[in-house]
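Encoded as structure tokens, the structure appears first; notes follow it.
The values are calculated or read from the model by the stated rules, or taken from the named source; none is laboratory data. Just so we're clear, the structure is a prediction, and the values are computed from it rather than from any experiment. All Cβ positions, glycine included, derive from the backbone under ideal geometry; neighbour counts span all protein chains shown.
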Amino acid sequence: MHRVLGDRRAIAILLGPALVVYSLIMLVPMVWSLGYSFTKGNSIDGFTGNGVADFSRLLDDPAVRHALWFTLKYAVVVTAGQVVAGYLLALLYVFFLKRASALVRTLVFFPVVLPTVAVGLLFQKFFQVAPQTGPVNSLLNAVGIDSIDFFGSSSSAFWVLVVMDIWRSMGFYAVLLFAGLVDIPEEVLESARLDGATGLRLVRHIVLPLSLPVLMSSLIFSINGTLKAFDSIVALTNGGPGNDTTPLTLYMFQTSFTYGDYGYGSTIAVLLTVVCLLVSLVVFRVSRRDLTEG
Amino acid sequence: MSLRTFRARRTRLGLFTAGAASMALLATACGGSGSGTAAAPKNFSYLSVTENTTVKTALTSLSEGSCKSANDALPLKVETVPQASLDQKLQLLAGQGALPVQFAAGNAPALTQKLAKSGKIADLEAKLKELGVDDQLEPAAVSTIKALYGGKLEVLPYEYNIEGVFYNKKIFEANGLKVPGTWDELVASAAKLQAKGIQPFSASGQQGWPLTRLLSGYLYRSLGPDALKDVADGKAKLTDPQYVKAATEIAALGKKGYFGKGVGSIDYDTAMNQFLTGKAAMLYMGSWALANISDAKQDKIGADNVGFMPFPAVSGGKGSIDQYPSNVGLGITLSAKSFDKNTGAWVSCIAKNYGSKALKDHGSISGFKVNTPVSDANEVTTQVRDTISASKQNVLWFEALFGTKATTISQTNAAGLVSGSVSPEQFMQTVQDALSAQ
């Protein structure tokens with residue numbers, strides 16, 4: 001066995017096909033897109049070299065700054081919400097509902113399988129003010145508060161977006177973290193209980209450290225997903241009001257496909273890739289250190 | 001992995017990436033000149049937008065009637081996309097050299113001009129002359145198209161619209177209101193209606209353009225018919241005080257609540273519905289709305305109760321109220337590549353028959369001659385048709401001379417302008433920035 005795996009040819013034969021497929025469908029498009037970021041033009045006019053003009057434009061563009069800020073803000077808030085809500089749900093499944101949690105798990109998981117656009121429309125109706133008053137505004141009216149135009153101001157639109165995305169995906173993280181919690185040996189918990197650790201102390205000192213690896217992977221999952229959020233935002237606010245809820249992804253899409261500026265669109269895509277890479281590296285580093293020390 | 005090997009690998013990875021990037025650059029530099037060869041089309045494919053049902057229905061009924069022989073040679077095939085994604089779709093199709101035979105040519109004339117410049121669009125003026133049907137187009141429609149498309153006939157006038165304010169006669173009478181002749185009278189009437197609990201205007205903030213049309217209406221009345229051409233030519237800026245004044249006036253309407261609640265979430269159909277069910281007293285819209293007004297199923301207030309008035313004058317302004325904003329709807333054009341004898345047969349049949357067909361079946365006014373006399377469905381249609389034939393000078397709309405980016409930015413920020421989340425100065429600045437960036 002060792003001889004086979006030590007042989008370079010064997011490695012090439014075993015890894016080769018996968019590497020070729022990976023290169024073709026992942027690396028080539030990425031590099032291709034990077035190539036476009038040094039050009040100007042679109043598929044109608046054709047492309048001409050543009051040097052690094054797009055990159056200097058990127059630095060000066062207030063819309064990019066706004067979109068980047070929104071993307072980061074959204075990623076941090078939604079990730080925190082998703083993972084915390086998912087973790088609390090998982091704790092609920094394991095320690096309170098115990099074996100009877102199947103029904104609740106299914107119900108909470110249900111929004112995950114719904115199409116994002118459907119969820120977007122649902123929340124639009126839920127929070128709408130006109131032409132009909134949505135349930136949320138009806139509730140506000142019932143307690144004597146005037147209707148709020150949730151999608152009319154950037155801060156309220158942002159929070160509706162956050163609530164929607166957390167509601168939509170917390171079931172997924174709950175199941176993921178549930179799997180991690182179930183893995184904790186019952187004996188460890190039992191001995192901790194005998195030592196007097198109950199409730200929050202048990203969670204803080206035993207459950208949390210032991211479920212840290214799966215917590216970290218949820219974090220990476222979530223942060224990468226939210227940095228690239230597109231469909232839910234398009235479905236709910238379409239980047240509005242104005243461009244207040246436009247993340248980098250949507251700005252890139254608009255620049256390339258609506259405004260017909262493929263070169264600059266690719267440059268924004270490169271920026272997004274770099275941001276994703278940096279954030280993943282940071283999360284990875286942090287998680288590695290914690291594991292060895294904890 | 002030790003730090004050193006990690007670094008070495010990183011360097012290697014960096015080199016690899018740089019190498020691959022330069023290769024990709026070469027590849028892109030070579031690509032991008034996708035000009036296809038002419039191939040006879042198999043059918044008269046027509047790419048339209050979901051929102052417009054008139055053109056495709058009228059063409060379908062022509063294919064079964066007057067244009068049957070053209071249809072036998074080249075069968076009509078209609079495809080639709082939502083209007084909001086039309087521009088994306090066209091740019092992709094054009095890039096692949098796969099434009100349909102006939103298609104809606106983009107939301108802004110700028111895109112059509114771009115397509116024309118790269119030779120993707122048939123030279124319609126020459127083609128129509130060749131076919132001997134160039135006299136089938138209304139001169140007013142042709143001059144509107146030329147004003148929009150840099151002096152060239154780049155689209156066919158499947159629609160010919162003028163714009164103004166439709167109002168509910170019953171509501172006006174019940175509240176003792178006269179048709180306002182000036183902006184101040186319009187605002188006073190709106191205030192009176194609002195005080196009585198009637199929503200003065202319905203408008204779609206989701207689409208945005210029904211709001212920016214008010215802005216251009218005010219600009220044309222106060223600064224004259226060249227107001228926006230000056231901006232396009234760089235002689236004036238939207239941030240100039242007299243331009244910001246227009247935005248301030250429109251924003252004030254919103255501030256007083258004249259558009260009702262949540263204008264940003266009102267879409268086109270809802271706005272239309274609000275007016276046609278009597279929930280709002282006025283609707284700024286183009287004459288294409290006559291199709292909805294003539295439809296008894298949609299129009300609950302009755303076509304007899306709808307009146308049409310021009311955008312009112314601004315006191316001391318340079319414009320006059322008989323200058324109507326006019327347009328030819330969503331420009332529909334033909335691909336240069338697939339324009340052959342069979343396509344020509346379709347085009348000449350459309351030129352001869354479309355005008356009367358659309359008017360008779362849909363109450364919709366086009367820029368093609370009405371060769372078979374049609375009696376109007378109602379008074380307001382007659383009023384609009386008379387206005388069109390009497391109108392001496394046309395003006396354009398707010399975004400008519402803008403590029404795609406400025407158009408989108410203007411329309412997506414319009415709701416914010418009337419809901420107060422964007423100040424008039426900010427709004428004009430944002431749009432001007434997008435214009436300058438083109």
**Q.** Which listed residue is within 14 Å of chain B (Cβ to nearest Cβ) and under 22 Å from A:Gln82 (Cα atoms), from A:Phe158, A:Phe172
**A.** A:Phe158
Q.
Of everything in region B:279-298, what is away from every other protein chain (no Cβ under 14 Å) and either assigned to a helix (DSSP H, G or I) or more than 21 Å from B:Ile388 (Cβ to Cβ) (or both)? Give them in sequence order.
A. B:Ala281, B:Ser287, B:Trp288, B:Ala289, B:Leu290, B:Ala291, B:Asn292, B:Ile293, B:Ala296, B:Lys297, B:Gln298
Q) Which of the residues belonging to region B:319-351 are in contact with a Gly (Cβ under 8 Å, 6 or more places away or on another chain), among the hydrophobic types (A, V, I, L, M, F, W, C) and under 25 Å from B:Gly95 (Cα atoms)? A) B:Ala336
**Q.** Neighbours by Cβ (under 6 Å, 6+ apart or cross-chain): first from region A:224-246, within 11 Å of chain B (Cβ to nearest Cβ); second crowded, with 19+ Cβ neighbours inside 10 Å and among the charged types (D, E, K, R)
**A.** none
(Q) Kindly evaluate B:Gln274 against the criterion of being touching a strand residue (DSSP E or B) at 6+ places or on another chain (Cβ under 9 Å), closer than 25 Å to B:Lys192 by Cα and polar (S, T, N, Q). (A) yes
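Conditions (1) more than 29 Å from B:Leu223 (Cβ to Cβ); (2) surrounded by fewer than 22 Cβ atoms within 10 Å (Cβ to Cβ); (3) of a type in the set (Gly, Ala, Ser); (4) in contact with a Leu (Cβ under 7 Å, 6 or more places away or on another chain), marked per residue:
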| position | (1), (2), (3), (4) |
| --- | --- |
| B:Leu290 | yes, no, no, no |
| B:Gln298 | yes, yes, no, yes |
| B:Ile301 | yes, yes, no, yes |
| B:Gln323 | no, yes, no, no |
Q.
Among the listed residues B:Ala358, B:Ala377, identify the single one that is away from chain A (no Cβ under 14 Å), buried (at least 21 other Cβ atoms within 10 Å of the Cβ), farther than 26 Å from B:Lys318 by Cα and out of contact with any Lys or Arg (no Cβ under 6 Å at 6 or more places or on another chain).
A. B:Ala358
**Q.** Subset tally (residues that are assigned to a helix (DSSP H, G or I) and either out of contact with any helix residue (DSSP H, G or I) (no Cβ under 9 Å at 6 or more places or on another chain) or at the interface with chain A (Cβ under 9 Å from one of its Cβ atoms) (or both)) for region B:396-413
**A.** 6
Q) Here is a list of conditions, (1) modelled with pLDDT of 90 or more; (2) surrounded by fewer than 23 Cβ atoms within 10 Å (Cβ to Cβ); (3) among the polar types (S, T, N, Q), and B:Asn413 meets all of them except one; can you say which number that is? A) (2)
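Here is a yes/no grid of residues against (1) more than 9 Å from every other protein chain (Cβ to nearest Cβ); (2) under 29 Å from the mean Cα position of the chain (by Cα); (3) buried (at least 18 other Cβ atoms within 10 Å of the Cβ); (4) not hydroxyl-bearing (Ser, Thr, Tyr):
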position	(1), (2), (3), (4)
A:Gly35	no, yes, yes, yes
A:Gly49	no, no, no, yes
A:Ala53	yes, no, no, yes
A:Leu58	yes, yes, yes, yes
A:Val64	yes, yes, yes, yes
A:Thr71	yes, yes, yes, no
(Q) Between A:Asp261, A:Asp231, A:Asp183, which is charged (D, E, K, R), surrounded by fewer than 20 Cβ atoms within 10 Å (Cβ to Cβ), under 24 Å from B:Thr404 (Cα atoms) and out of contact with any His (no Cβ under 6 Å at 6 or more places or on another chain)? (A) A:Asp231
Q | Odd one out for B:Thr382 among (1) crowded, with 17+ Cβ neighbours inside 10 Å; (2) part of a helix (DSSP H, G or I) | A | (1)
**Q.** Of all residues in region B:81-130 being of a type in the set (Asp, Glu) and away from chain A (no Cβ under 11 Å), the one that is farthest from B:Tyr158 (Cα to Cα)
**A.** B:Glu130
**Q.** A:Ser155 being part of a helix (DSSP H, G or I), surrounded by fewer than 18 Cβ atoms within 10 Å (Cβ to Cβ), free of Cβ contacts under 8 Å to residues at least 12 places away in the same chain and within 20 Å of the chain's Cα centre (by Cα)
**A.** yes
Q) Within region B:303-319, which residues are outside any strand (DSSP E or B), surrounded by fewer than 22 Cβ atoms within 10 Å (Cβ to Cβ) and within 23 Å of the chain's Cα centre (by Cα)? A) B:Pro310
